[in-house]
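The values are calculated or read from the model by the stated rules, or taken from the named source; none is laboratory data. Everything quoted here is computed from the prediction, not taken from an experiment. Heads up, the Cβs are rebuilt from the backbone with ideal geometry, glycines too, and the neighbour counts pull from every protein chain shown. For the accessible areas, the whole protein counts, side chains as well, though only heavy atoms, and no ligand, DNA or RNA atoms are used. Shrake-Rupley method; radii C 1.70, N 1.55, O 1.52, S 1.80 Å.
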Amino acid sequence: MGKSENRILKYLSDKCKEQKSTGKLTNVGCSTREIADDFSLQRTNVSSLLNRLCDDGKIFKIKGKPIIYYVNLSSSFKDDKAKPSINGSNFSNFIGGNKSLKKSIQQAQAAILYPPRGLHTLILGPTGVGKTMFAELMYKFAIEKEVISKDAPFISFNCADYSNNPQLIMAHLFGSKKGAFTGVDKDRIGYVDKANGGILFLDEIHRLPAEGQEMLFMLIDKSVYTPLGNIEEKKSGKVLIICATTEQADSALLTTFTRRILMTINIPALKDRTIDERFELIRDFFKIESMRIAKEITISTNTVRSLLLYNCRGNIGQLKSDIQLGCANVFLKFVSKGKNKIEVHSTDFLNNVRQGLVSYMQESQVVDKIIKKDIRLNFKPKGIKFQVEASSDLVPDNFYESIEKRIQELKDRGVDEDDINFTMSFDIKNYFNKYIEKLFMHKIILCQL
């Protein structure tokens, strides 16, 4: 971090402390103009430095006119344990918390801790990245830091469920009076009422009609709302709103609504996360399946390679489903034979998963750092262990017999001919690549001698 960034960070920190000491609880922080004037610098230069500090997670910004930048201070809350920190929170065990999701988690913590009751938040990301789970972690973090009470509700509602019926979706959200529209035979309370004092999570918020968004920003602005069918009754509610969408916020939501959602968090797609994180996810999902069926699961090296490299369009949700399906495909066969463990191979998965092996030759150096050659993973309900498969440095005399034995093994498992050809082609090519590599290294050593 450069000298100019350090100066601005210290200035902003001091300003926030000064504002907090006066008891100010809203709009804590400074605008670009304020900082530029005090430092006698160009606004564009200051704006660039502030955005860089935001990208590094050192400061945070609140959307509006003007944009306000601030530093989170533990003195703003009940004690030092309220200071944003990945370690020691419900976020600490979240895969990628110190890597690809570090900034997202820092933003989430800042949103929850901002006085007096947190910042309304919009979570962006494609289907299957874990937006709902992320919102639940924000809720647990709020309880952990005593921002909300232990019995505060977390109410989740998917706006897509009733997107074809605007009246019904708004009745579910805000409640309705008897006779508000056809089929309403009694007064009903809405999710906003149920979430009072806690967090309301609205998934697929872009499916909420414009009228519903307008009612929501009235709730955000004045903490009041009106149930359907009773325009004379105003109900109050203190609710922290977390929204999520797979769409671009600017095109899918009303500008008047997005201006009131001051924190926007992006959750990266699986393809944008590190391969180490993907391996951690794979291990976690196999561990879950082992616990679910109460049996040991062994997976081959090729299985790991496939799962690490295939094009998983549905992100984490799809990866989990594919692993469940692979385990289910072999579960009955192994249990019917009275075995205490099941063996999962790449051929037990759908074709799109198996295609991951095609990319292995180009990605072998990266993958081999994570899952070394000839390693099997054993998952037990109480642990994970690695098992080294026997291998030879040279082509054995019975090489062709080994091929025949491998083909018969695949046939015995019920693998069809196309999959056998695909698997054997990969195994033979991979074997000879390893053999040539070892033979080349062996010649180098002999030359050196």
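Things to note:
- Size of charge dipole - region 220-345 - debye, nearest 20, with Cβ of Lys, Arg +1 and Asp, Glu -1, no other charges: 420 debye
- Solvent-accessible area of residue 415, all protein chains in place: 20 Å² (probe radius 1.4 Å, heavy atoms, ligands and nucleic acids excluded).
- Bridging of residue 372 to aspartates and glutamates at a Cα separation below 20 Å is possible for 276, 277, 280, 284, 343, 363, 389, 393, 427, 437, once same-chain residues fewer than 8 apart are set aside.
- All-pairs alpha carbon distance profile, region 279-385, 10 Å steps from 0, percent: 15, 50, 30, 4, 0
- Net +/- balance of residues flanking residue 258 in space, Cβ distance below 11 Å, scoring K and R +1, D and E -1: +2
- Label-to-label distance, residue 189 versus residue 151, with points set 7 angstrom from Cα along the beta-carbon direction: 1.3 nm.
- Surface composition of region 256-362: carbon and sulfur atoms hold 50% of the protein heavy-atom accessible area at a 1.4 Å probe.
- Solvent-accessible area per residue in region 221-281 equals 50 Å², computed with a 1.4 angstrom probe and all protein chains kept.
- For residue 342, solvent-accessible area (1.4 Å; no DNA, RNA or ligand), Å²: 0 Å²
- Within the accessible area of region 91-215 (1.4 Å probe), percent carbon and sulfur: 46 percent
- Projected area averaged over orientations for region 266-325, convex hull of C-alpha atoms, nm²: 4.3 nm²
- Projected onto their three principal axes, the Cα atoms of region 119-238 cover extents of 41, 31, 24 Å, largest first.
- As a calculated quantity, the FRET efficiency between residue 368 and residue 55 at R0 = 30 Å, using C-beta atoms, amounts to about 0.40.
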